[in-house]
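What follows is a single structure, written as structure tokens, with notes after it.
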Amino acid sequence: MRYIDEFQDPELARRLLDDIHATVTRPWALMEVCGGQTHTIIRHGIDQLLPERVELIHGPGCPVCVTPLEVIDKALEIASRPNVIFCSFGDMLRVPGTGRDLFQVRSEGGDVRVVYSPLDALRIARQNPARQVVFFGIGFETTAPPNAMTVYQAKKLGIANFSLLVSHVRVPPAIEAIMRSPSCRVQGFLAAGHVCSVMGTGEYPGLAERHRVPIVVTGFEPLDILEGVRRAVHQLERGEHTVDNAYARAVRPEGNPAALAMLEDVFEVTDRAWRGIGIIPDSGWRLSARYREFDAEHRFSVTGIQTREPAECRSGEVLQGLLKPHECEAFGTLCTPRNPLGATMVSSEGACAAYYLYRRLELTPAPQAGTAAPLEASPVV
């Protein structure tokens, strides 16, 4: 299949790996800022095929994982109310709040429904005019436009019983926060191609110049990741720090004008808390004044939330790239996908879930330069 099989070609992967091995002369640490990229890296063993001097750090790229505990607890409170139909994508139902999750709310009688689009929630609102229908709108710049469009449609159609519980976050301010952290070891970034397909690349040159780090926009298949690493390593070895689009088949510098216009109309930039990290200035969206009537937090006035993270959970350190999942004492014992302590073990894009799913339970030495494993016998397929 075009754009799938050709980006998993073992021979092309071997050539990219050979180039990376031949280029690296010193240690480099790169961060991917997308949970989908993290899963590709772990599933195909890409980090194990790279030179020992190239480290991949997993950043806060999972939208479910960074949704703050306070917002999860607000969702649980709203979903528990008798006149509410609470709609969400399926991966949010098992994200632990303080003491319970949305599955438990449903088992206790709450009307919690899994939908595949925010427009499904809008349809449910039209079918149930006597009840309040809330959609849990979380995610990065990729999911914000359809959620914005749904609120726009609700206002246009006069569907007053629909509202959105918003927890949208933005990638560039998170990169800024990571680079300003005293514990930061990141020397280059692999930027998420789907985010840039919406937003374009305009916010990244300033980051690259200010912090003197290369930022390479990449896709999600094995060869996408390897090409992104190759380009980043070449820049680092030459002492360069520019924005490089390695995902030109999907990303244009200007992004998606229609999506950007919808975001500009419906949302406004605000400070946002990230689970395990804290408040990052200008890193999120909230509904603008014109659409504030559809804001579930405003409509339901949920107050008095007292959050409590499990003491054993170190997902905050995982999200900041300070800790690999299997370095957490609770990983695979107290914390599993069936009984998760933190969101990074729940989500299909969470780093802890990736390490558990692909049995990355302990550190594996990287191959020495020039000794990359044959691709036919490697995890890359």
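The values are calculated or read from the model by the stated rules, or taken from the named source; none is laboratory data. Since this is a predicted model, take the numbers as computed values, not measurements. As a convention, Cβ positions derive from the backbone with ideal geometry for all residues, glycine included, and neighbour counts pool all protein chains shown. The accessibility values were calculated without ligands, DNA or RNA, using every heavy atom of the protein model including side chains. Shrake-Rupley method; radii C 1.70, N 1.55, O 1.52, S 1.80 Å.
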What residues have an amide H closer than 5 Å to that of CYS62, excluding those fewer than 5 places away on the same chain, when H is modeled at 1.01 Å from N in the peptide plane? GLY35
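How big is the equivalent ellipsoid of the chain along its three axes, where each semi-axis is √(5λ) from the Cα gyration tensor, reported in whole Å from largest to smallest?
Working: eigenvalues 273, 107, 67 Å².
After diagonalising the Cα gyration tensor, the semi-axes are 37, 23, 18 Å.
Using a 1.4 Å probe, what is the accessible area per residue for region 1-160, in Å²?
On the way: 6280 Å² over 160 residues.
Per-residue accessible area for region 1-160 comes out at 39 Å².
Kirkwood hydrodynamic radius, region 199-299, all distinct C-alpha pairs: what's the number in Å? Mind dumping the intermediate values first?
Values: mean 1/r = 0.0621 Å⁻¹.
It works out to 16.1 Å.
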Could you pull out every one of the aspartates and glutamates with an alpha carbon less than 14 Å from that of LYS74, ignoring same-chain neighbours closer than 8 positions? ASP101, ASP295, GLU297
Which trypsin sites (Lys or Arg not before Pro) does region 239-328 hold that lie in a coil by DSSP with at most 14 other beta carbons within 10 Å? ARG249, ARG308
Would you check the accessible area of ILE124, probe 1.4 Å, heavy atoms only, in square angstrom rounded to 10? 10 Å²
Applied in sequence order to region 275-290, the curve 6.51 cos²θ - 1.76 cosθ + 1.60 (Karplus, θ = phi - 60°) yields integer Hz couplings, x standing for Gly and Pro, of 4, x, 10, x, 7, 10, x, 6, 9, x, 10, 9, 5, 6, 4, 4
Rounded to the nearest Å, the spacing of the alpha-carbon centers of region 81-149 and region 325-353 is 23 Å
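What is the dipole size for the chain, taken about its Cα centre, with +1 at each Lys and Arg Cβ and -1 at each Asp and Glu Cβ, in debye to the nearest 20? Could you put the intermediate results ahead of the total?
Working: 39 positive and 45 negative charges, 186 e Å.
Charge dipole, the chain, about its Cα centre: 900 debye, nearest 20.
What percentage of the solvent-accessible surface of the chain, computed with a 1.4 Å probe over protein heavy atoms, is contributed by carbon and sulfur atoms? Write out the running numbers ahead of the final one.
Details: 8190 of 16150 Å².
So the carbon and sulfur contribution to the accessible surface is 51 percent.
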Rg and Dmax in Å for region 1-125, alpha carbons only: what are they? 21.1, 63
Under 4.7 Å Cβ to Cβ, no partner at all: give me those cysteines from the chain, in residue order. CYS34, CYS87, CYS184, CYS196, CYS313, CYS328, CYS335, CYS352
As I understand it, the dipole of region 304-347 uses +1 on the Cβ of Lys and Arg and -1 on the Cβ of Asp and Glu, about the Cα centre. Which of VAL346, PHE331, GLN306 lies farthest toward its positive end? VAL346
